[in-house]
Amino acid sequence: MASTAKPSEGFRTQQDETLSGKQKGSLDLYIVRRLLGYITPFKGLIAGAVALTAGGAILGPLRPWLTRIAIDDYIARGDRHGLAMISLAMLAVVVLDGLKQYQATWLTGLIGQKAVFNLRMDIFRHLQRLPIRYFDRNPVGRLITRTTNDVEALDEMLSSGLITIVGDILQLVFIVVMMFASDWRLTFVVLSVLPLMIWSTIAFKNRVRQAFLDVRTHLARLNSFFQEHITGMKVVQLFGREEHEFRLHAGINADHRDANIRTVFYFSIYYPLIEFLSSVTAGLVVWYSASRLLKADLSVGVVVSFVQYIWLFFRPLQHLSDRFNVLQTAVTSSDRIFRLLEEPVEPEPTATGTQTPMRLNDRIVFDDVSFAYDGDNLVLRDISFEIRAGQTVAIVGATGSGKTTLINILSRFYPIRQGQVTIDGVDLAEIPGPALRRLIGVVMQEVVLFTGTVRENLCFGDPSITDERIREAARIVGADRFIAKLPGGYDYRLRENGSGLSAGQKQLIAFVRALLYNPDILVLDEATSSVDTETESLIEQATDRLMKHRTSIIIAHRLSTVQHADRIIVLHKGTIRETGTHQELLARRGLYHKLYLLQHPERSRVDG
Ligand SMILES: Nc1ncnc2c1ncn2[C@@H]1O[C@H](COP(=O)(O)OP(=O)(O)OP(=O)(O)O)[C@@H](O)[C@H]1O
Ligand SMILES: [Mg+2]
């Protein structure tokens, strides 16, 4: 089911946080069915937990029953021996009840944890297969909320909700049966309060449900906000926006607080109300019993046991509404989780077997390609060119002209709107994913590094690469010297996204990583960040070495790096403006010439 969120809605969108368009009833059923899929693997545990809960449900109501016997049969008659025996029986019931609770809690917790583990695995697997488009649309914070809070809500339901509800309902049934068995008229006195009780519970439930929904929505926004601002703390400080962002945060935080306060408010009314109703019922029972006691129509034991039944009877009712809240929250969370799990994954081409090029033998062809990220806003228009095996092609152009987009298309991160890209005559869309990823290696404009050692980052995805090869590659790229200076060298632990390394160093690590990956087609999206002249010449050399002996596409911001390319493609606002070699393009005195002069003002006198 496709998400209806539009990218412009940002994290302010609420649409994605609330129940989807499905009919309420069918949605609940659907969610229950999917949830069952996660707990059925633990049938044995569930059977055990249900059996314990069912068996345990009789233990609670047994106590008032024993109390009545103790009072009427033994205390009244002064039977000390009988009283001792019944006391022992009560002790046994209490111990069994404790044991049952311990076992049931343990088993349900086990089921919850195991199911949630699998669910998280599925979420991550699915996230990995989603098209990049999906991540453009969905803020990271929201996705994190899915894997943390929403999954926790499910855990809570599985480990404390579902089975306990069965236990509570069973206990209610047992209590009613036992009350009827003791005295049917008193039972009706107790049950007379029930309509009021049910009415207030339903009223409470409806209000608190909406409040819980709001809490979840605001929590997701709060998470998004934190994620964005912690990552972007530098910019906030640089622009002195602390106060402004603080106020923004205050707003989101206050919404979250208010929604929570509303839930607290409803609970603070509901609980005392139920307590009050229980007390009134107990009073009614005693009042009603008084005349019958005097007439000896009723025994003291029955009255005492009924007062106990009342407390036992109302507590599970109270719990039930609590548990329904847990269920409700879990249903909301499940809805969102399953919607994420149903986001269509990147379709795998129906491989026709032979079409799995591992090497580029002939050429890559862009044939009249047009593309838009969203809507009709074309970012690339009628792009046609070809790259022969072994050639180096450079793409240059102003910022925003569509260079990275071209690479996004070749990497199949986004589907083409119009036209076709072929590799050795095979349509890009028909090449199986793994084959395509093996064929093309991309050094991205923004280097992404993961928490872990330098070595782990260098041989990302392939632990079989030997240390010698790593060192050799680092030497070829020229990264060996700075790595040697890091504390621990190749074992130096990088922090999140390589913070602690300079932009140039990160770039070099990305180069070594690409060299070790050793793709047949290398794509290099040069970083825009400027580095010092020494690093720059190092990167230039590294680029040359990387491109040697393979088909390369290089997106360059520094025109000095592209002069030796076999062909240069000049992009302008999403269209190809000119193509040719460095010399040809200079001679043409067009856009390339202009860009060149901008970067080499000293040449304007010589050439111009
Ligand atoms: N994920 C995206 N969703 C929507 N629009 C995008 C996305 N990425 C880029 N764009 C838009 O596409 C256009 C081309 O962007 P692109 O990243 O290809 O430029 P570029 O030539 O690589 O620029 P630079 O030299 O700054 O790297 C820009 O107008 C940009 O706003
Ligand atoms: Mg770019």
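The values are calculated or read from the model by the stated rules, or taken from the named source; none is laboratory data. Note that the structure is predicted; figures quoted are calculated from it, not measured. Every residue, glycine as well, gets a Cβ built from its backbone with ideal geometry; the counts of neighbours run over all protein chains shown.
At-a-glance table
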item	result
Residue among 405, 392, 422 that is outside the structural domain of residue 135 (by TED's automatic domain parsing) and within 16 Å of ligand 2 (Cβ to nearest atom)	405
Cβ pairs under 7 Å, 6+ apart, first in region 405-423 and at positive phi, second more than 9 Å from ligand 1 (Cβ to nearest atom)	412/428; 412/436; 419/367; 419/368; 419/369; 419/370
Condition met for residue 385 (surrounded by fewer than 17 Cβ atoms within 10 Å (Cβ to Cβ) and either within 16 Å of ligand 1 (Cβ to nearest atom) or over 35 Å from the mean Cα position of the chain (by Cα) (or both))	yes
One residue from 364, 423, 395, 387 being in contact with an Asp or Glu (Cβ under 7 Å, 6 or more places away or on another chain) and over 30 Å from residue 496 (Cα atoms)	364
Matching residues, region 549-564, being surrounded by fewer than 21 Cβ atoms within 10 Å (Cβ to Cβ), within 19 Å of residue 386 (Cβ to Cβ) and within 13 Å of ligand 1 (Cβ to nearest atom)	none
Any chance residue 368 is over 30 Å from residue 402 (Cβ atoms), exposed (fewer than 14 other Cβ atoms within 10 Å of the Cβ) and either touching a Ser or Thr at 6+ places or on another chain (Cβ under 9 Å) or touching a residue at least 12 places away in the same chain (Cβ under 8 Å) (or both)	no
Extreme residue, surrounded by the most Cβ atoms within 10 Å (Cβ to Cβ), among residues of region 580-593 that are away from ligand 1 (no atom under 16 Å from the Cβ) and either within 20 Å of residue 399 (Cβ to Cβ) or not assigned by TED's automatic domain parsing to the domain that holds residue 393 (or both)	585
Test: residue in region 496-517 that is among the aliphatic types (A, V, I, L, M) and either under 25 Å from residue 586 (Cα atoms) or in contact with a His (Cβ under 7 Å, 6 or more places away or on another chain) (or both)	no
Every residue from region 496-530 that is within 16 Å of ligand 1 (Cβ to nearest atom), farther than 25 Å from residue 437 by Cα and either outside the structural domain of residue 423 (by TED's automatic domain parsing) or of a type in the set (A, V, I, L, M, F, W, C) (or both)	503
Residues satisfying the stated conditions in region 83-138, i.e. β-branched (Val, Ile, Thr) and either within 16 Å of ligand 2 (Cβ to nearest atom) or over 30 Å from residue 429 (Cα atoms) (or both)	86, 93, 94, 95, 105, 108, 111, 116, 132
Test: residue 336 is assigned to a helix (DSSP H, G or I) and surrounded by fewer than 18 Cβ atoms within 10 Å (Cβ to Cβ)	no
Matching entry among 390, 375, 400 (being surrounded by fewer than 16 Cβ atoms within 10 Å (Cβ to Cβ), at pLDDT below 90 and small (Gly, Ala, Ser))	375
Entirely in region 492-581, the strands (runs of 3 or more DSSP E) that have 3 or more residues that are β-branched (Val, Ile, Thr) and within 16 Å of ligand 2 (Cβ to nearest atom)	551-555
Set 198, 169: member being surrounded by fewer than 18 Cβ atoms within 10 Å (Cβ to Cβ) and free of Cβ contacts under 8 Å to residues at least 40 places away in the same chain	198
